[in-house]
Every structure is written in structure tokens, then in C-alpha cells.
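This report concerns only the one structure given below.
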């Protein structure tokens, strides 16, 4: 599973839709790389699917945010090209006590923030404490934390109440991130007061709906080692990385083909031949990549009824949704196991309900649930057009089974904001991508919108997280996936693959879960 990319790939089948007031007319307003030199520093312009709702990396698990913020903020650990943990702000992997409850984390010396100050152990302790209060991932850890404290001036000790195997992987994630920031910018569990990190790039300018400009942090202290995935040496060769929100997929394609953008994310699968045949551009294809999800509100409303959620699963035909959304069968796979074949946590038997779909079965479940025709409010967005197309197929299939569906089409930033209100929706479409540790899957987090938190799931997840032996963890994961298909907090639609495009002048780019542009350069 090396080289897996976390970027969404938009499958707009030739349509051009602008939503939420985001401009799709920016093509032509940007200079080419040769024209955009500032003091001899090259500029890479990256077209993303839209305007991020925030640039604070701690409080959200949005990939649109982490694509950008991973350049600005760093965590104690990260993942290499084989998805193994590696130190980042830390100087080495943690020393874990024999009982699995104490993690001693040594820190690299000489790491500096963007304001020129040196990272201290007090900054790290404050950052980790903030993460446990503000991050959906950190809140997963918080109930188990006995203390977070400095050990001298160059190490941090995290003491747990019980063993928790996913801790280091959670600390390595770059969304909902345990970002290391100055203690002075932390003000309670809310957003950071200033966007100051330790990354190879720092924020220069943000004009919402127009661009985000990141410039090289000349005081950056890189970790050592050969670059591998996110690990190893990081060098800001490019002087400026400019992220431009381009919600129209056709505009992203046209822009990268015209040389307006040096990288364009989330492109329609059917544009692959056009990209392959274009001079000066190369496709970036990553497979496997991730899985679309229909997340359901298990806390309030009609979806809080487990039988109603089971009826949704029975009513949906995943293969139809995949083909409608992505068009090309070479880019999809109907797979119910949350972890695909070839991964350590793959298990087909506990995902049998994925293929057990029929309108008649769904109707029977709805009758047993006492469903009275209440509208099912489903949020979707055309910015991720393949999700939008899947949601339209889902609407038709659900209505055939007897549901009444209110499909609400929103811009992505509004959807992200609205999903936090448990009374404002019943389901929404999103996606997840491969993560090496199952506890990193957001739907397992009871604080993630959808709020799956049954007693059985809580006990199964706790048992899985306490288990340190890999073989025993696999068996406990099967228990969790069995519950996933019984309680149905979400519907996994299947597997899908990612298409992006890069200028052939952009050198050193490595496909990864979230595109990054350190260690890259522009030639010519």
C-alpha cells in the first residue's frame, strides 16, 4: 500500500457548476511560473477543489484543509512511504513502557517557529494538551490521558490510564493534527490565535475564494534522512506555493493543460486520455485511494433508528453509485471490507451485508422501524461532483424502497460547517482514504459528525485499542467491522482511485495521501 494518495478525485462528467459563490473564472488571472518569479523564487500554483473552511489544522479532519496546512504545521511523528511511523518534530520514535501506558518522546533541538522563536518543551506540552481538547482525534485520546508533562528540556512524557495502541499513529496524522505551535497562540480549546507552525512554508497572504500564498520558511530545521513519503529530509526548494480554489473541475483541467496551474487536484476520470495526450502535462493516478461514504446521524432524527439505517444499506446498490459517480469501471471496485484486499485488516466475511441489498428487504425493515415517511435530509456537494452523482443515485434507490428524500446541495465549506449541528441533517456524503491505523478512520470517533457511540461499539473499540499484539488486533477489528454492518452508522460505497495532473516542469513530486510540494522544483 505504498504511494497511496488521499486526494479526492472529482468526476464531473463534463459539467461545469460553480457553487457557494466560489469563483470559477480565475483562469487567466494568474501568471505563469516564468512570470511569477519574486526575488528569484519560483512559484507553484496548485488548483484545489474549493476554499478551505479554516487554516487551523487541529479542529478539523478535512483533507482540503490538510493539503495546505501540512506545509505550515508539523506533528511529532509522520508516516514514511511504507506507512511506517517516523519522527518529525520528535528526534526518535517514543520509548514505550512495558505496560504500554507511558510514552517518552525525545524532541529535536533547534526547531524554530515561523516567528523565529525556538520550539521549547513547554510549547510541545501545551500543543498536545490543546490537541486533546480541540481535535476530533485528540478527543479520542483525552479520556485515557493521565498526564502530559515535560521531562527536562528535551522530552515529553505522555502517561495513559491504560494501553492505547493507536496513540503514535494519531499523533502522526496531519488532519485533526497534533500540530506543534507556540504556547502563546493557544487560547483554550478554540481556534489558534495565530497560524504559526514549524513547517517548511509559512503563510504570507490569504484572500478567501482567491488564493492562499505560502512562502519558504528560511529558518526551517528539517529532520534528517532520505525522503520517503512524508518522512526524511524536507527542503523548500520552491519559493512560494500558491493554492487556488477552483471548484469547477473543467476549469481545473483547462488550467493545468494551459500551464496556468502546475498541479490540479481531483480531476474527472474521463479526462485521463486528454491529459495523457497533452504536451507538458502528466497524469497522476493513485490506486487504491479511498472510499466514498454516506454518513448517517445516529444521534438525532429518523436515522437514529438502527432499523432505518439497515434499510438504507439494503436499499442502496453500491456498484451503480460507483459507476454513476466515476464513470470508468477501471477507477472503481465494489468492495465492502473497510480495508481492501491486500491490506492487513481485510475481512470479507464480516462485510457480507454490503452485497445484501434489495428494495423489498429495505421496505420490510422500514415497516419494522415504524418509518412514517419523514424526509431524509441528505447533504451533498457538487464541488466533489462524483459524490454528488452518487448521492443522486442514492436518492433514486432510496425513494424506490419507500424513503422520502430531501437532497440538499451545498458548497463544501457549508456542508463541513453544517454537519456539526446534529439537528440539521440526517445523512451526508463524504469520503475517506486509506489510513494505516484503523483507529484513524473518522467514523469510529464518537465526536465525528454521525456520532456513532453505542455501548457495543465503545467496548469493541476500547478492546481493539488496548490490544498491542498485531494478530490479536486483527481479530478485534473483525468484531468492530461486524458491528459496523449491524449498526450501520455509515454506508461504504466502495473503493475508488484518484486522478490529478502535474506539469512536467514540476520535478520531485511524489504521489502521497495529501499532495505536498517540499522537495519539488520547477525546471525550465
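The values are calculated or read from the model by the stated rules, or taken from the named source; none is laboratory data. Just so it is clear, the model here is predicted, and its values are computed rather than measured. Glycine gets a Cβ as well: all are built from the backbone with ideal geometry, and neighbour counts include every protein chain shown.
At a glance:
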read-out: Matching residues, the stretch 161-195, being touching a strand residue (DSSP E or B) at 6+ places or on another chain (Cβ under 8 Å) and more than 24 Å from residue 434 (Cα to Cα); value: 161, 195
read-out: Subset tally (residues that are under 25 Å from the mean Cα position of the chain (by Cα) and in a helix (DSSP H, G or I)) for the stretch 313-344; value: 13
read-out: Matching residues, the stretch 88-102, being touching a strand residue (DSSP E or B) at 6+ places or on another chain (Cβ under 6 Å) and buried (at least 21 other Cβ atoms within 10 Å of the Cβ); value: 88, 90, 94
read-out: Some residue of the stretch 500-516 being closer than 30 Å to residue 306 by Cβ and assigned to a strand (DSSP E or B); value: no
read-out: Of all residues in the stretch 155-166 being over 18 Å from the mean Cα position of the chain (by Cα) and within 20 Å of residue 447 (Cβ to Cβ), the one that is surrounded by the most Cβ atoms within 10 Å (Cβ to Cβ); value: 158
read-out: Total residues in the stretch 201-227, condition touching a strand residue (DSSP E or B) at 6+ places or on another chain (Cβ under 7 Å) and either outside the structural domain of residue 72 (by TED's automatic domain parsing) or in a loop (DSSP other than H, G, I, E, B) (or both); value: 6
read-out: The listed residue being at positive phi and surrounded by 19 or more Cβ atoms within 10 Å (Cβ to Cβ), out of 138, 152, 176; value: 176
read-out: Matching residues in the stretch 286-304 - criterion: being surrounded by fewer than 19 Cβ atoms within 10 Å (Cβ to Cβ) and touching a residue at least 12 places away in the same chain (Cβ under 8 Å); value: 287, 299, 300
read-out: Out of 353, 349, 368, 363, sole residue that is within 26 Å of residue 327 (Cα to Cα) and surrounded by fewer than 20 Cβ atoms within 10 Å (Cβ to Cβ); value: 353
read-out: Residue that is farthest from the chain's Cα centre (by Cα) [pool: residues in the stretch 350-376 that are part of a helix (DSSP H, G or I) and touching a residue at least 60 places away in the same chain (Cβ under 8 Å)]; value: 368
read-out: Residue match in the stretch 61-70 (condition: in a loop (DSSP other than H, G, I, E, B), touching a strand residue (DSSP E or B) at 6+ places or on another chain (Cβ under 7 Å) and closer than 20 Å to residue 202 by Cβ); value: no
read-out: Number of the condition not met by residue 385 [criteria: (1) in a helix (DSSP H, G or I); (2) under 29 Å from residue 245 (Cβ atoms); (3) at pLDDT 90 or above]; value: (3)
read-out: Scan of the stretch 435-451 for residues that are modelled with pLDDT of 90 or more and part of a loop (DSSP other than H, G, I, E, B), ordered by number; value: 441, 446, 448, 449, 450, 451
read-out: Residue match in the stretch 491-512 (condition: over 28 Å from residue 270 (Cα atoms) and over 22 Å from the mean Cα position of the chain (by Cα)); value: no
read-out: Hits in the stretch 442-483 - residues which are crowded, with 20+ Cβ neighbours inside 10 Å and under 20 Å from the mean Cα position of the chain (by Cα); value: 442, 443, 444, 445, 448, 449, 450, 452
read-out: Residue in the stretch 271-282 that is buried (at least 19 other Cβ atoms within 10 Å of the Cβ), in contact with a helix residue (DSSP H, G or I) (Cβ under 7 Å, 6 or more places away or on another chain) and under 28 Å from residue 426 (Cβ atoms) present; value: no
read-out: Hey, residue 259 outside any helix (DSSP H, G or I) and in contact (Cβ under 8 Å) with a residue 24 or more places away in the chain or not; value: yes
